[in-house]
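Novice: Could you have a look at this structure, given as structure tokens, before my questions?
The values are calculated or read from the model by the stated rules, or taken from the named source; none is laboratory data. Nothing here was measured: the structure is a model prediction, and the numbers come from that model. With ideal geometry, Cβ positions are generated from the backbone for all residues, glycine too; neighbour counts draw on all protein chains shown.
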Amino acid sequence: MAASCRLTLLPLGQTLEVAPGTALAELLFAQGVEFPCGGRGRCRGCRVRVLDGTLPVTPEDERLLPAADRAAGWRLSCRARVAGDLTLELAQWETRILSDDATFDFVPRDGLGVAVDLGTTTLVAQLLDLRTGDVLGVRTALNTQAQHGADVMSRIDYAQADAGQGRLERLIRAQLGALLAELLSVAPGGAAEAGRALTDVVVVGNTVMHHLFCGVSVAPLAHHPFEPVDDGLKVFRAAELGWPVAPEARVNFLPCLGGFVGSDILAGILATGLAAAETPAMLVDLGTNGEIVVGNRDHLLCASTAAGPAFEGARIAMGMRAATGAIAEVSLKDGQLECRVLGQSEPRGICGSGLVDAVACSLDLGRINPAGRIPGAAELPLLGDVKLTQRDVRELQLAKGAIAAGIRLLLGRRGWQPGQLERVSLAGAFGNYISRASARRIGLLAFPPDQVQPAGNAALRGAKLALFGLPEQGGEFAHLRRRTEHLCLNDDPQFQEVYVEEMGFPDGG
Ligand code: FES
């Protein structure tokens, strides 16, 4: 047997030298792969496909994977050990990452620029020709920090333990540097010329990503009032980050707005034109942390609200990210639920958009009542083995109640009714894929569907706009931040009462 085996993981592009006999689960866990049933060979969630090399079929593979899948190379990674060189495709990485191809007005500049949306789970970077605004290349990846915690709170916990902050900082800086090098290699003229032409990188992200990238302690984000360190636009030189591009290229991390409202939202305000709106409008980013901004060109009010992970499919019995095998849409046909599964695959779970649809349809069918109970049953079958439990419905109620309460309180602060808003822009991947009718049906967004518009990856678009509007180019982040008031919902005496009210589902359709 060889002294070591070469393990290549796609689409991560990662290659590892590993000892023969090592459990795959051990190796993949370190790469951020999730094992939904705890690696007990019961769920199929850890499937990998052997593209090169051999992994023997185990009894669990025989039991859980159809013969055609086994013949195509699919195996349960939690039951497998490495015995030789292998190239594997990770099914969990077939997730949807939202990029941006919207057009916008800009004042041309010389050189190349890169816009980066640095998310807790995913990264998206676009290379732009600053004279023409053309996008020359796009790269997406999963944030490698995810191996140390899926959400911002676990990332903060890790950062505060044993030099974890330094480790997370090095990980993300190295990953972004490598992503940048990859992007430049696709530029016409080649990597060396593009590296010299690069003048600016604009990075946006939530407050935790900001602090971890910029080397600012996350300690203030761990406790009330969760205020980020406010030191404006952070500018690094590529050389100090060790990035293989023009040493003097500027890497600009846009500033945060307030407690858990980061520069991804500042970028969203730029992208949706909220700061220039004459009539009141709203921006909502639905996620584990829901961020809401409401206002117009005179004044903006923002807040964040802890929705929990249900929209991302977490803490749901059969929840998963919006990846292959996820039920992503549910509709009613002839009085029955009809489910659409991502990736032409057997259903293996349900993601956030499917969950919202499934509950909306079940409310219409009377299988869930306005209090959120499933009358006379413990669970609701959806498709195949996938079902919703009573606890799943409760998790969704907690998530949607937090967002709906935040919206109501922010509108109340300005004395506005929902109908007065000219538009509600939904940012982020979940906001892009969610059914607006279902969101209304469950009381998440109490607006007529035509008032609500998906804004795509507004954070990335805002970062691109900022490339043309950095302070050297007359950008006015400081002014925009001064006009944006941050409201700490935890301090609002009405929040708990409104939250409990908003956890119920609206009566009727
Ligand atoms: S983690 Fe569930 S089958 Fe492998």
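Novice: Among the listed residues Leu283, Leu266, which satisfies the condition of being closer than 22 Å to Val216 by Cβ, touching a residue at least 60 places away in the same chain (Cβ under 8 Å) and touching a Ser or Thr at 6+ places or on another chain (Cβ under 9 Å)?
Specialist: Numbers: Leu283 fails: closer than 22 Å to Val216 by Cβ.
Sole residue among the options that is closer than 22 Å to Val216 by Cβ, touching a residue at least 60 places away in the same chain (Cβ under 8 Å) and touching a Ser or Thr at 6+ places or on another chain (Cβ under 9 Å): Leu266.
Novice: Is it the case that the stretch 215-228 has a residue that's among the aromatic types (Phe, Trp, Tyr) and either assigned to a strand (DSSP E or B) or touching a residue at least 24 places away in the same chain (Cβ under 8 Å) (or both)?
Specialist: Within the stretch 215-228, one or more residues are among the aromatic types (Phe, Trp, Tyr) and either assigned to a strand (DSSP E or B) or touching a residue at least 24 places away in the same chain (Cβ under 8 Å) (or both).
Novice: In addition: Could we say that Thr305 is part of a strand (DSSP E or B), in contact (Cβ under 8 Å) with a residue 24 or more places away in the chain and polar (S, T, N, Q) here?
Specialist: Judged against the criteria, Thr305 is a match.
Novice: Then there's this: I need the full set of residues from the stretch 244-258 which are part of a loop (DSSP other than H, G, I, E, B) and surrounded by 24 or more Cβ atoms within 10 Å (Cβ to Cβ), in order please. Reasoning before the result, please.
Specialist: To start, the set of residues in the stretch 244-258 that are part of a loop (DSSP other than H, G, I, E, B) comprises 244-249, 254-257.
Answer for the stretch 244-258, where residues must be part of a loop (DSSP other than H, G, I, E, B) and surrounded by 24 or more Cβ atoms within 10 Å (Cβ to Cβ): Val245, Ala249, Leu254, Cys256, Leu257.
Novice: For the stretch 1-29, how many residues are farther than 13 Å from Leu88 by Cα, away from the ligand (no atom under 15 Å from the Cβ) and modelled with pLDDT under 80?
Specialist: 2
Novice: So Gly149 ticks every box in (1) touching a residue at least 12 places away in the same chain (Cβ under 8 Å); (2) in contact with a helix residue (DSSP H, G or I) (Cβ under 7 Å, 6 or more places away or on another chain) but one. Which box is left unticked?
Specialist: Unmet condition: (1).
Novice: Here's another thing I want to ask about it. What about Arg173, is it more than 26 Å from Ala458 (Cβ to Cβ) and either out of contact with any His (no Cβ under 9 Å at 6 or more places or on another chain) or surrounded by fewer than 19 Cβ atoms within 10 Å (Cβ to Cβ) (or both)? Spell out how you get there, then give the answer.
Specialist: On the way: more than 26 Å from Ala458 (Cβ to Cβ): no; either out of contact with any His (no Cβ under 9 Å at 6 or more places or on another chain) or surrounded by fewer than 19 Cβ atoms within 10 Å (Cβ to Cβ) (or both): yes.
Taking the combined requirement at face value, the residue does not satisfy it.
Novice: Can you name the residue in the stretch 31-43 that is touching a strand residue (DSSP E or B) at 6+ places or on another chain (Cβ under 9 Å) and more than 7 Å from the ligand (Cβ to nearest atom) and, of all such residues, is farthest from Ile327 (Cα to Cα)?
Specialist: Out of the qualifying residues, it is Gln31.
Novice: Please tell me if Arg414 is under 27 Å from Leu270 (Cα atoms), charged (D, E, K, R) and in contact with a His (Cβ under 9 Å, 6 or more places away or on another chain).
Specialist: When the stated conditions are applied, Arg414 passes them.
Novice: What about Gly133, is it on the phi > 0 side of the Ramachandran plot and away from the ligand (no atom under 16 Å from the Cβ)?
Specialist: Yes: the conditions hold for Gly133.
Novice: How many residues does the stretch 371-419 contain that are out of contact with any helix residue (DSSP H, G or I) (no Cβ under 8 Å at 6 or more places or on another chain) and among the charged types (D, E, K, R)?
Specialist: Here the count works out to 6.
Novice: Mind counting the residues in the stretch 57-88 that are of a type outside the set (Ser, Thr, Tyr), touching a helix residue (DSSP H, G or I) at 6+ places or on another chain (Cβ under 9 Å) and either near the ligand (Cβ under 10 Å from one of its atoms) or part of a loop (DSSP other than H, G, I, E, B) (or both)?
Specialist: Final tally of qualifying residues: 9.
Novice: How about the stretch 329-348: which of its residues are surrounded by fewer than 24 Cβ atoms within 10 Å (Cβ to Cβ) and in a strand (DSSP E or B)?
Specialist: Of everything in the stretch 329-348, those that are surrounded by fewer than 24 Cβ atoms within 10 Å (Cβ to Cβ) and in a strand (DSSP E or B) turn out to be Glu329, Ser331, Leu332, Lys333, Gln336, Leu337, Glu338, Cys339, Arg340, Val341.
Novice: Let me ask something else about it. State yes or no: is Ala276 surrounded by 21 or more Cβ atoms within 10 Å (Cβ to Cβ), among the hydrophobic types (A, V, I, L, M, F, W, C) and at pLDDT below 95?
Specialist: So Ala276 does not fit the description; no.
Novice: Right, something else. When you look at Arg373, is it in contact with a strand residue (DSSP E or B) (Cβ under 8 Å, 6 or more places away or on another chain), in contact (Cβ under 8 Å) with a residue 12 or more places away in the chain, surrounded by fewer than 19 Cβ atoms within 10 Å (Cβ to Cβ) and within 26 Å of Leu445 (Cβ to Cβ), yes or no?
Specialist: Criteria not met by Arg373.
Novice: Further question: Within the stretch 291-336, can you find the residues that are more than 27 Å from Glu379 (Cβ to Cβ) and of a type outside the set (A, V, I, L, M, F, W, C)? Spell out how you get there, then give the answer.
Specialist: First, pick out the residues of the stretch 291-336 that are more than 27 Å from Glu379 (Cβ to Cβ): 291-305.
Result: Glu291, Gly295, Asn296, Arg297, Asp298, His299, Ser304, Thr305.
Novice: Of all the residues that make up the stretch 413-435, how many are closer than 17 Å to Gly295 by Cβ and in contact (Cβ under 8 Å) with a residue 60 or more places away in the chain?
Specialist: 11
Novice: Within the stretch 44-53, is even one residue away from the ligand (no atom under 13 Å from the Cβ), of a type in the set (A, V, I, L, M), in contact (Cβ under 8 Å) with a residue 40 or more places away in the chain and surrounded by fewer than 20 Cβ atoms within 10 Å (Cβ to Cβ)?
Specialist: Yes, the stretch 44-53 contains at least one residue that is away from the ligand (no atom under 13 Å from the Cβ), of a type in the set (A, V, I, L, M), in contact (Cβ under 8 Å) with a residue 40 or more places away in the chain and surrounded by fewer than 20 Cβ atoms within 10 Å (Cβ to Cβ).
Novice: Restricted to the stretch 182-218, and to residues that are crowded, with 24+ Cβ neighbours inside 10 Å and of a type in the set (S, T, N, Q), which residue is nearest to Ala115 (Cα to Cα)?
Specialist: Asn206
Novice: Right, here's the next one. For the stretch 115-136, does any single residue satisfy the condition of being at pLDDT 85 or above, among the charged types (D, E, K, R) and under 19 Å from the mean Cα position of the chain (by Cα)?
Specialist: yes
Novice: Could you tell me how many of the residues in the stretch 331-355 are more than 17 Å from the chain's Cα centre (by Cα) and β-branched (Val, Ile, Thr)?
Specialist: Adding up the residues that qualify gives 1.
Novice: List pairs: first residue in the stretch 386-402 and closer than 18 Å to Val498 by Cβ, second residue assigned to a strand (DSSP E or B) anywhere in the structure, Cβ distance under 7 angstrom, at least six positions apart or on different chains.
Specialist: Every condition considered, the pairs that remain are Ala402/Gly290; Ala402/Thr305; Ala402/Ala306.
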